[in-house]
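> Below you'll find the structure I mean.
Only the coordinates and a few stated rules stand behind these numbers; no lab work does. These figures come from a predicted structure and were not determined experimentally. Positions of Cβ are backbone-derived with ideal geometry, glycine not excepted, and every protein chain shown enters the neighbour counts.
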Amino acid sequence: MNNFDNYAKDWNTETRIKCSHTIANSIKNNIKLNKNMDILDFGCGTGSLIFPLIDKVRTAHGIDLSSKMLDILKEKSKNHKNLTTELLGIFELSSVFDLIISSMVMHHIEDITKLAKKLYDSLNPNGVIALADLMEEDGSFHNSMDGVFSLGFSNEFLDKVFKSAGFKEIKIIENVFTVEKNCNKYSLFLLIGKK
Ligand SMILES: C[S@@+](CC[C@H](N)C(=O)[O-])C[C@H]1O[C@@H](n2cnc3c(N)ncnc32)[C@H](O)[C@@H]1O
């Protein structure tokens with residue numbers, strides 16, 4: 001059983017939906033989406049990031065390691081014929097896409113260098129990544145550190161690792177969304193990079 005199976009039922013809080021929609025808007029403002037594009041959301045959870053983008057692209061594929069998260073996405077996706085899902089980890093992926101997106105997944109992945117290379121290899125020529133996650137934080141964001149491998153990410157780290165993987169035109173948009181939690185504020189970035 002995946003840890004996130006326990007959270008699936010109560011995942012779609014108002015804050016999380018607002019966060020996903022804000023990130024989706026930032027993706028739309030920074031990347032020209034079109035009906036020839038096949039996109040992947042890895043760690044898609046219940047799908048709140050991918051839903052606002054579905055109608056702008058040809059196909060949307062969501063993968064996640066939590067079957068319970070995917071069950072909720074599938075329940076909501078019946079009217080979207082171009083949306084598919086798969087119980088799959090990012091490192092097991094074997095297809096290629098024009099755009100790969102994710103939100104709040106990177107800090108759950110141990111080896112970001114390996115992730116950056118995997119994403120590069122999973123893009124078509126001229127493909128793009130748009131990844132949102134926490135900017136550096138003091139370790140207070142999560143109540144349990146089980147499955148958490150990074151306390152957010154610095155611009156320097158992201159720039160170095162994604163450049164080394166081959167990405168160009170790397171752009172890091174800071175403070176794309178701010179989560180207020182336990183009397184603290186946590187900012188998210190959106191990293192865009194081209195193959
Ligand atoms: C914090 S949740 C974010 C869910 C969703 N993206 C959102 O913003 O609401 C992280 C998700 O990433 C998934 N995940 C973690 N590691 C993964 C991996 N290696 N491959 C695919 N999904 C992964 C988890 O199962 C979980 O659903």
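> Starting from the coordinates of the alpha-carbon atoms of the chain, obtain the Kirkwood hydrodynamic radius over all distinct pairs and give the value in Å to one decimal.
Hydrodynamic radius (Kirkwood, Cα pairs) of the chain is 16.8 Å.
> If you don't mind, another one. In 10 Å bins starting at zero, report the fraction of Cα pairs in region 1-85 per bin as a rounded %.
Result returned by the calculation: 18, 51, 28, 3.
> When the dipole is taken about the Cα centre of region 5-89, and only Lys, Arg (+1) and Asp, Glu (-1) are charged at their Cβ, what size is it in debye, to the nearest 20?
Dipole magnitude for region 5-89 comes out near 400 debye.
> Considering the Cα positions of region 92-187, please state its Rg to one decimal place and its Dmax as a whole number of Å.
14.1, 44
> Another question, if that's okay. For a quick check of your reading of the filter: which trypsin sites (Lys or Arg not before Pro) in region 50-137 sit in a DSSP loop and have no more than 15 other Cβ atoms within 10 Å?
58, 78, 81
> May I ask you to work out the translational diffusion coefficient for region 65-113 at 25 °C, viscosity 0.890 mPa s, via Stokes-Einstein with Rh from the Kirkwood sum over Cα pairs, reported in whole µm²/s?
It comes out at roughly 191 µm²/s.
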